[in-house]
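J.: After the structure tokens below, expect a handful of questions from me.
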Amino acid sequence: MDKWIFLIPLLPFLGFLVNGLLGRRLGDRAVAIIGCASVAGAFAISVASFMQVYDAKPDTFLQQDFGAWIQAGDLSVSFGLIIDSLSGVMCLVVTGVGLLIHVYSTGYMKGDAGYYRFFAYLNLFMASMLVLVTADNIVLMFLGWEGVGLCSYLLIGFWYKGLANCSAGIKAFVVNRIGDLGFLLGIFAIWAACGSFEFSAIVAEAPNIDSSAAFWICLLLFVGACGKSAQIPLYVWLPDAMAGPTPVSALIHAATMVTSGVYLLARLGPLFDAAPGVLTIVATIGALTALLAALIAFSQNDIKKVLAYSTVSQLGYMFLAAGMGAYSVAIFHVVTHAFFKALLFLGAGAVIHSLHHEQDMRRMGGLRRRLPWTFALYLIGGLALSGFPLTAGFFSKDEILHIAHSGFGNIEPRSVLWSIGLLTALLTAFYTFRQIALVFFGSYRGASEPQASEESAAHGLELDKVKESPLSMRIPLIVLAALSLTGGFLAIPHFLQPGIEIPEDGKISGLIIGGIVSIAGIAAALTIYLRFPQALKGFLSSAPGKLAHRLSSRKFYVDEIYQKLIIRPIAIIAEICFYVVDRLIIDIILVHGSSFGASALGHLLRRLQDGRTPTYAAWFLAGAILVLAVTLWAAGG
Amino acid sequence: MTLSLDLCLYLCAAVFSIGVYGVLSRQNIIVILMSLELMLNGVNLAIISFGRYFITPEGSALSGTGASSSQIFVIIVLAIAAAEAAVGLAILLAVYRRWRSARVSDMRLLKG
Amino acid sequence: MDALVFLISGVLMTASALLVVTRKNPVYSAILLVVFFLLTSLNFLVLRSPFLAVIQVLVYGGAIMVLFVFVLMLLNLTEEELDEKVEPGRKLLAGAGSVLLFVLLAWAINSSDRIQAAGETDLTGPVKESVARAGETREIGKALFSEHILPFEFTSILIFIAIIGAIYLTKTRRADHRRTAEPAVKQPEESA
């Protein structure tokens, strides 16, 4: 099988080429088939490769090297792909979830003018993501890393006619650049410290690296991971990224791309183990991000924004796990999160699709009768996200909380982070079911309420006109729902780290506490939103309630703070540069100045060329006198 | 009373400058051509003065036929002056026939 | 004696040159120019250049002057055409320029060490018999047809070209006949 792993990224790339170059002529049906088939092929090869890795003994891997890609002096970067247990799992998730989302997109994007463009971008994204995952060295990984960033930008701004979409795309791109700068510097530092880009070489070299060097390398890499995986302080782009089509949000901004930061940490785990200081930072930032995003998710009214902040929050959990050194647990959460968050996003997409692109939850409600399938599947996703007992999210999240509570390997228990995580779990369950209550329960508000949000495109759709989405959109949801229910029983941590020792003490009590917290959150949300909406309104109109709601709905003013502290000064500098350097120096002095000088000189010299012989004679005399005078002055001097 | 070289040269400079004045101040092309002849004569006289200066009582400072060099020079200048006058006056005739004017200011086509 | 002749002739030369460039009627200028040429020829004699003195009278005083007078008669400029209407500023500028030129030339002559060193030499003084003949026809002929044959031939080519050019320029074409017949184009044509 190791001869064929190059096809994993290549097939989607071919799909991108065909769809991108010929898609306009092929027609929507052919584009959809090519897009899905290429990903399906990659999925099949991934499965085959994975089975081979799975059957073999631990620490086996498939590798394929296509020789040097960049060669300069001592520096040599090979174009090598590797499938080991880690990248095998990631490949399965990326291609599997990717395939489902491709199928879903064929229904969701039907009739869109940019149909072929959408599938071309999506295929390019798959190719980049698979390069990122299967790369055997960090430079090739960076290629994929940048590729997915580009696709993210292209797909966020997919409906490029809306200014908000374009600026969201630019925001995502710019914020990612900040992270990428850290990543790039980290790569340079790795070269300086290890003299190699191969993951195997870096990992082998990791224990020998000077501790301060390891600290800086890991910190820089973590900055890159922060940008891509939307952690504090670089998380601000992800909620705005919801401007893209919903399948994009599901695929890129929930299931796959945003987890590549976690993947990077897991890939270079031994290197991070050598930098315990960075691990502390990672765990702390993860926990804080989880809490902050959960608090913001509380008051969002856009169905996708809630899920976006929820994604940021769940990514925080992953980084908390990674910060405890339990990379396999982090990847476990990546996998389960990919299932249920993709499910939620696609379910939200189905709701949006059924409501003709209405995204404001204040204009929904009571949809469970009209959309029974969507409701049931969304409920499963919500339960998994809330960590309801025996769902996928329950196991992976409680594993994270458990290791935070009990410690892992050499890492001491972090009780503070554990309590933050537990609080976040409660909040997660609450806001998830707040959303479900608002969307599916109560009475329908879409027809009556006045236009609540400027972004909403619908104009008061009657409830009886709301229809279920087509089969092509429902089947992926069903598959994902099944995975969300059963994914927690996969023993991914034990597969990725065969010798992993998760402390048994308090494991059962941890699970019980987690379950209780989750049920409590769900119950609280449903009770408050369905039974006592008046009490909620009363609370929100009181002073502390107002303040809390204001802080949450304004996202703790982080965007405003960034605007004031970072963007404004840069904009002012840019303005100064624009007016002084560009306008004044370049435009006025250099460009206009030279043209004015040339024309002024021309006007002056024109006098010499008036066509009258006497004038020429006079100038001739003047020149002669000048030459004579200069000669004499020079001789005399 | 002796005749020194610089006296001759002052005379040449004066004649030459007067020629320049004529060229610049006159409008009539014929007079301008005459002024040019004045300038050429000033130069000729200077050449002859220098040539005479090199013939000292002891003999010529210049060997062989060099003593006649100044004469040759002037002859060539003279030939060129004759050619110039002929062509100049021919041009004047052509111009006059075309524009009915011998005024140099009316010849204003010398520009790009 | 010779020096005195040179000086008087020089003063008269300057005066006639001034008159040449200032006379309004070009016929007077032409006559004064003949006077100037004759005086120059006299000075050539003083400077021991008898051949050139003769040539000066023949070529300048004869051929070239005949050409000038001939053209003058051919054009037969009217009183109005002779009025040059030169603005005073331009005359002033030309005067200032030429005076400045003369001053600079005089300064150059005055500041040249070699010319000043030659000041003691009397250009009218006696010379050796062998070189005294340098300005005579025989010596000039020898020099011209031996050492300076190449410039001489070039000069002949130049004169030949000048003859062709002059003939070409003055040749009357039919188009010009027609133009001259039309009074409308009598006025000087403005540049395009």
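None of the figures in this text is laboratory data; all of them are computed from the coordinates on show. Everything quoted here is computed from the prediction, not taken from an experiment. Backbone-built Cβ (ideal geometry, glycine too); neighbour counts: all protein chains shown.
J.: Over all distinct Cα pairs, what is the inverse of the mean 1/r for the protein assembly as shown, reported as the Kirkwood hydrodynamic radius in Å? Provide the component values of the computation, followed by the final result.
T.: On the way: mean 1/r = 0.0274 Å⁻¹.
Computed over the protein assembly as shown, the radius equals 36.5 Å.
J.: Follow-up question, since we're still on this one. Any idea what log10 I(q)/I(0) is at q = 0.13, 0.16 Å⁻¹ for the range A:1-136, Debye with uniform C-alpha scatterers and no solvent?
T.: Evaluating at q = 0.13, 0.16 Å⁻¹ gives log10 I(q)/I(0) of -0.57, -0.78.
J.: With just the Cα atoms of the range A:171-210, tell me how far they stretch along each of the three principal axes, in Å, largest first.
T.: Projected onto its principal axes, the Cα set of the range A:171-210 covers 39, 17, 14 Å.
J.: For the pair A:ILE561/A:ALA491, report the inter-label distance in nm, with labels modelled 7 Å from Cα in the Cβ direction.
T.: It works out to 4.5 nm between the two label points.
J.: Follow-up. Sorting check: for B:67-74, A:97-104, A:409-416, which peptide has the highest mean count of neighbouring beta carbons within 10 Å, and how do the rest follow?
T.: Values: B:67-74: 24.1, A:97-104: 26.8, A:409-416: 13.9.
My ranking of the peptides, most packed first, is A:97-104, B:67-74, A:409-416.
J.: Angle, helix C:88-111 long axis vs. longest principal axis of chain C, Cα atoms, 0 to 90°, nearest 10?
T.: 20 degrees
J.: Can you tell me which of A:8-14, A:565-571, A:221-227 comes out highest on packing, and rank the rest after it, using the mean Cβ neighbours within 10 Å? Display every interim value, and only then the final one.
T.: Working: A:8-14: 22.9, A:565-571: 11.4, A:221-227: 27.0.
So the peptides A:8-14, A:565-571, A:221-227, ranked by packing, come out A:221-227, A:8-14, A:565-571.
J.: Taking a ≥ b ≥ c as the square roots of the eigenvalues of the Cα gyration tensor of the range C:1-78, is the shape rounded (a/c under 1.5), prolate (a/b larger than b/c) or oblate? All intermediate terms of the calculation are to be shown ahead of the outcome.
T.: Numbers: a/c = 5.33, a/b = 1.67, b/c = 3.20.
Oblate, since a/c reaches 1.5 and b/c is not below a/b.
J.: Related question: How shielded is A:609-621 by partner chains, expressed as the average number of their Cβ atoms within 10 Å of its Cβ atoms? Walk me through the numbers on the way to the answer.
T.: Details: counts 3, 4, 7, 9, 10, 13, 5, 2, 7, 6, 0, 3, 10.
Per residue, the average neighbour count from other chains is 6.
J.: What is the mean projected area of the alpha carbon convex hull for the range A:283-405, to one decimal in square nanometres?
T.: Numbers: hull surface 28.9 nm².
With the hull built on Cα positions only, its mean projection is 7.2 nm².
J.: Ranked highest first by average number of other Cβ atoms within 10 Å, how do A:431-438, B:38-45 line up?
T.: Order by mean packing, descending: A:431-438, B:38-45.
J.: If you don't mind, another one. Helix B:29-54 versus the longest principal axis of chain B: what is the Cα-based angle in degrees, 0 to 90, to the nearest 10?
T.: Helix B:29-54 sits at roughly 10 degrees to that axis.
J.: Another question about this same structure. As I understand it, the value is the acute angle between the Cα axis of helix C:2-22 and the longest principal axis of the Cα atoms of chain C; what does it come to in degrees, rounded to 10?
T.: 10 degrees
J.: What FRET efficiency comes out for the pair A:ALA634/A:ASP28, r = Cβ-Cβ distance, R0 = 60 Å, nearest 0.05?
T.: According to the calculation, E is roughly 0.10.
J.: If each Cα of the range C:131-172 is one equal point scatterer, what is log10 of I(q)/I(0) from the Debye formula at q = 0.21, 0.24, 0.26, 0.30 Å⁻¹?
T.: Results for the range C:131-172 at q = 0.21, 0.24, 0.26, 0.30 Å⁻¹ read -0.70, -0.77, -0.83, -0.93.
J.: For the range B:5-106, take the convex hull of the Cα atoms, compute a quarter of its surface area, and give me that in nm², please. Walk me through the intermediate numbers first.
T.: Details: hull surface 28.0 nm².
Taking a quarter of the hull surface, the average projection is 7.0 nm².
J.: Mind running the shape call on the range A:469-530? Use the C-alpha gyration tensor, a ≥ b ≥ c as the square roots of the eigenvalues: rounded below 1.5 for a/c, prolate if a/b tops b/c, oblate otherwise.
T.: Note, shape of the range A:469-530 comes out oblate.
J.: Can I ask one more? With bins 5 Å wide starting at 0, give me the P(r) of the range C:39-125 over every alpha carbon pair, in whole percents.
T.: 3, 10, 9, 9, 12, 18, 17, 10, 6, 4, 1
J.: 222 nm [θ] for the protein assembly as shown, helices only, -39500 (n - 2.57) per DSSP H run of 4+, per residue, to 500? Before the final figure, lay out each step's value.
T.: On the way: 41 runs with 646 residues, N = 941.
Only helices count here, giving -22500 deg cm²/dmol.
J.: How many nm is it between the label spots at A:ARG369 and C:LEU4, if each spot is 7 Å from the Cα in line with the beta carbon?
T.: So the label points at A:ARG369 and C:LEU4 sit 14.7 nm apart.
J.: Under the definition of partner shielding as Cβ atoms of other protein chains within 10 Å of a residue Cβ, what is the mean value for peptide C:154-162? Each step should come with its number before you reach the end.
T.: Numbers: counts 2, 8, 1, 0, 6, 5, 1, 2, 10.
Whole-number average of other-chain Cβ neighbours for C:154-162 is 4.
J.: Could you check which residue among C:MET13, C:MET65, C:MET73 shows the biggest mean-square fluctuation in a GNM of chain C with a 10 Å Cα cutoff?
T.: Highest fluctuation among the options: C:MET73.
J.: Hey, another quick one. Holding the Cα-Cα limit at 25 Å, pick out from A:LYS304/A:LYS555; A:LYS161/A:LYS467; A:LYS161/A:LYS305 the pairs that are longer than that. Each step should come with its number before you reach the end.
T.: On the way: A:LYS304/A:LYS555 15 Å; A:LYS161/A:LYS467 28 Å; A:LYS161/A:LYS305 21 Å.
In this structure, A:LYS161/A:LYS467 lie more than 25 Å apart at Cα.
J.: Please state the shape class of the range A:452-582: rounded when a/c is under 1.5, otherwise prolate if a/b exceeds b/c and oblate if not, all from the C-alpha gyration tensor. Write out the running numbers ahead of the final one.
T.: Working: a/c = 1.59, a/b = 1.33, b/c = 1.20.
Taking the square roots of the gyration eigenvalues as a ≥ b ≥ c, the range A:452-582 is prolate.
J.: Now for a separate question. At 7 Å along the Cα-to-beta-carbon direction for both C:THR172 and A:SER211, put a label point, then send me their distance in nm to one decimal.
T.: 11.6 nm
J.: Using the Cα centre as the reference, give the magnitude of the dipole from point charges on the C-beta atoms of the protein assembly as shown (Lys, Arg: +1; Asp, Glu: -1; all else neutral), rounded to the nearest 20 debye.
T.: On the way: 65 positive and 61 negative charges, 651 e Å.
Around 3120 debye, computed over the protein assembly as shown.
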